[in-house]
1. Just to confirm my numbers, what's the Cα centroid distance between segment 230-267 and segment 339-388 in Å?
2. Cross-link partners among aspartates and glutamates for residue 360, C-alpha distance below 19 Å, same-chain residues fewer than 8 apart left out?
3. Could you tell me which of rounded, prolate or oblate describes segment 229-387, using a ≥ b ≥ c as the square roots of the eigenvalues of the alpha-carbon gyration tensor, with rounded for a/c under 1.5 and, failing that, prolate when a/b is larger than b/c and oblate otherwise?
4. First check a/c for segment 130-196, with a ≥ b ≥ c the square roots of the eigenvalues of its C-alpha gyration tensor; if it is under 1.5, answer rounded, and if not, answer prolate when a/b is larger than b/c or oblate otherwise.
5. Using a Förster distance of 51 Å, how high is the FRET efficiency between residue 290 and residue 79, based on the Cβ-Cβ distance and rounded to 0.05?
6. Relative contact order for segment 4-213: what is it in percent, counting Cα pairs under 8 Å that are at least 6 residues apart?
7. Say R0 is 35 Å: what FRET efficiency, to the nearest 0.05, do residue 178 and residue 224 get from their beta-carbon distance?
8. When only alpha-carbon atoms count, how far does the chain stretch along each of its three principal axes, as whole angstroms with the largest first?
Amino acid sequence: MPETVALIVAAGRGSRMPGDIPKQYRHLHGRPILRHVLGAFTAHPGISEVHTVIHPDDGDRFADASRGLDMSAPIVGGETRQDSVRRGLESLAAGSAPDLVLIHDGARPFVSPALIDRVIGELSNSEAAIPALPVTDTVKRVDRGVILETVDRGGLFRAQTPQGFRFSAVLSAHTKAAENTDSQSFTDDASIAEAAGLRVGVVAGEESNIKITHDNDMARAAAWLLGTCETRVGSGFDVHAFGPGDCVRLGGIDIPHSQALSGHSDADVALHALTDAILGAIGDGDIGSHFPPSDPQWHGADSSRFLAHAADLLRQRNGALVHADLTIICEQPRIGVHRDAMRARIADILEVDVGRISVKATTTEGLGFTGRNEGIATQASVTVTVEAST
């Protein structure tokens, strides 16, 4: 079976959208747009490697967007999209050159496995393949706000990505285009292939394969996601008793205290309750079924591993965390001064914006085991979205 790699082009600045953040790193459904793209290709069984071309200033942004994914090191792009793609292809050629390459825009977050399959399949018949949709609206040629003519829409299609190529053929085509200083301005890789005389096949595109260019595209993308997802709520509750120690691990941070919480892992009661809430929302058991306390490998384990695992299971269902709300119940230690640090740490583990995390604290007015300073309890609730079919 031919080796197929994906080359994601994400070096642009997104000048047609307001703000300082390039569009591929803006958040959609709680995650960067580029994260949606990378997740789609890394999860596809027909793609052996995923490579990304980025702007030289975006190293940290890319690291955040690709965290936890099986990714190759990013490739630094050029001044134009054409330059960036050529640099990406040259980087692949310098390593173990693949048989086939799929080139995809970093701002098209909804590429489906079926669309990827269709493009790869067409490459057995053609040197290049693109997904495209027929033009159904009447097309007018306009100058200075005045119609000049009506254009026959017969045979007109809207090109999308990923655009697939036999690797050696597209590398040669890009090299020739770069060497020809009088060459036309190319708007996609298929046009470079056409100019080189390659046969470019066409497969059915998808209306959902939106390219985000303007602010209203963000609204369209959010609406499309909302239409394909359902909202769920999960709850979690956990308790740990105090034992010997000089600090409490709570919400992923260490708080100095005259005692510690006792438990098989690090006894982080806040992260345990939150983990259970996420697992409950996706209907996947509880923390004990995934990390049995009878298993010695979890003795003293950092509870961030449990929470990250639950978040990964949510992402595998194409889900996202909308909001998490924790209430920590104890007399001591005082939580207020540590609240923001907890929120930041939890957001980091879940890979979401800190604005999606709420941490509150209360006492039981001296009543019960928490009132007697025997331990700490936490209630957690989450709102998530998942694909409606799951």
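1. Centre-to-centre (Cα) distance: 10 Å.
2. Output for residue 360: 238, 254, 268, 276, 325, 331, 340, 348.
3. Here segment 229-387 falls in the prolate category.
4. Note, shape of segment 130-196 comes out oblate.
5. 0.60
6. 24
7. Result of the calculation: an efficiency of 0.45.
8. 81, 49, 37
Taken together, the values in this text are just the output of simple stated rules run on the coordinates, not laboratory data. These numbers were taken from a predicted model, which means no experiment stands behind them. Every residue, glycine as well, gets a Cβ built from its backbone with ideal geometry; the counts of neighbours run over all protein chains shown.
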